[in-house]
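The values are calculated or read from the model by the stated rules, or taken from the named source; none is laboratory data. Since this is a predicted model, take the numbers as computed values, not measurements. Neighbour counts run over all protein chains shown; Cβ positions are idealised from the backbone, glycine included. Note: accessible area is taken over every heavy atom of the protein model, side chains too, but ligands, DNA and RNA are not part of it. Shrake-Rupley method; radii C 1.70, N 1.55, O 1.52, S 1.80 Å.
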Amino acid sequence: MHDLAEGVARFQRDVFPAKEGLFARLAGQHRPHTLFISCSDARVVPELITGSEPGELFVVRTAGNLVPAHGPCPDGVAASVEYAVAVLGVRDVVVCGHSACGAMTALARRHDLSGTQAIAGWLRHADASQARAGRAGDVDALVRHNVLAQLANLATHPSVARALAERTLTAHGWVYDIPTGRVDVLTPAGTGHPAALAS
């Protein structure tokens, strides 16, 4: 906690004064242009990777950057997605996977998750990803196919489906490589559904 407290002090002393005007504007308005769905992994920092300022990204982070398909029981992910798309009117949505993802590694290498029931249950949202990836053990392939599967899940949410159909929202799939900083783009089809991989 000491490091965090020092970080807050540095923010208040050095960062905040330089951006005081920005924060004053943000206090009265919230207009992010992009919904950014990424993994909870501490090594993935959406604002740093994209060079974004506060207020530009509406960030949702989940283990494995998983997005449950629309269902009868709304959850925090569904509520956040709907708020970003239907209320805030974001123009773009990015689902961003990353190299060495712990969730995808556990699935690809068939780790025993019997002692972690919450994790095992959550990772079932990647069943379609595993089916798409085919060969077991290939973490990189599973990471990429998981982004595609989560884009498909995202498109089942009514607010997203409506915005994609009206062409007021564009869906993007990315994979961030931690050791190189490279971002590969997974090209979605015109409907917002994933079609082909591109680097």
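Tell me which residues, restricted to the stretch 153-177, are among the small types (Gly, Ala, Ser) and either at pLDDT below 95 or over 13 Å from Asn65 (Cα atoms) (or both). It would help to see each step written out before you state the result.
First pass over the stretch 153-177, keeping only residues among the small types (Gly, Ala, Ser): 155, 159, 161, 163, 165, 171, 173.
Within the stretch 153-177, Ala155, Ser159, Ala161, Ala163, Ala165, Ala171 qualify.
So which residues in the stretch 35-48 are in contact (Cβ under 8 Å) with a residue 24 or more places away in the chain and farther than 22 Å from Ala78 by Cα, if there are any at all?
Result: Arg43, single match.
Out of Gly51, Gly115, report the one residue that is free of Cβ contacts under 8 Å to residues at least 12 places away in the same chain, open to solvent by 10 Å² or more (accessible area, probe 1.4 Å) and closer than 21 Å to Val185 by Cα.
Gly51
Please pick out the residue among Leu57, Leu66 that is within 24 Å of Arg144 (Cα to Cα), out of contact with any Asp or Glu (no Cβ under 9 Å at 6 or more places or on another chain) and open to solvent by less than 30 Å² (accessible area, probe 1.4 Å).
Being within 24 Å of Arg144 (Cα to Cα), out of contact with any Asp or Glu (no Cβ under 9 Å at 6 or more places or on another chain) and open to solvent by less than 30 Å² (accessible area, probe 1.4 Å) holds for just one of Leu57, Leu66, which is Leu66.
With the condition kept exactly as written, say whether any residue in the stretch 27-47 is hydroxyl-bearing (Ser, Thr, Tyr), in a loop (DSSP other than H, G, I, E, B) and out of contact with any Ser or Thr (no Cβ under 8 Å at 6 or more places or on another chain).
No, that holds for no residue.
Would you kindly identify the helices (runs of 4 or more DSSP H) lying entirely within the stretch 60-160 that contain at least 3 residues that are of a type in the set (Lys, Arg)?
Correct list: empty, since no element meets the threshold.
Could you list, in sequence order, all residues of the stretch 1-55 that are touching a Lys or Arg at 6+ places or on another chain (Cβ under 9 Å) and of a type outside the set (A, V, I, L, M, F, W, C)?
His33, Thr34, Ser38, Ser40, Asp41, Pro46, Glu53, Pro54, Gly55, listed by residue number.
May I ask you to say which residue of Arg91, Arg109, Arg135 is under 19 Å from the mean Cα position of the chain (by Cα) and surrounded by fewer than 23 Cβ atoms within 10 Å (Cβ to Cβ)? Explain how you work it out, then say what you get.
Working: Arg109 fails: under 19 Å from the mean Cα position of the chain (by Cα); Arg135 fails: under 19 Å from the mean Cα position of the chain (by Cα).
When all the criteria are applied, what remains is Arg91.
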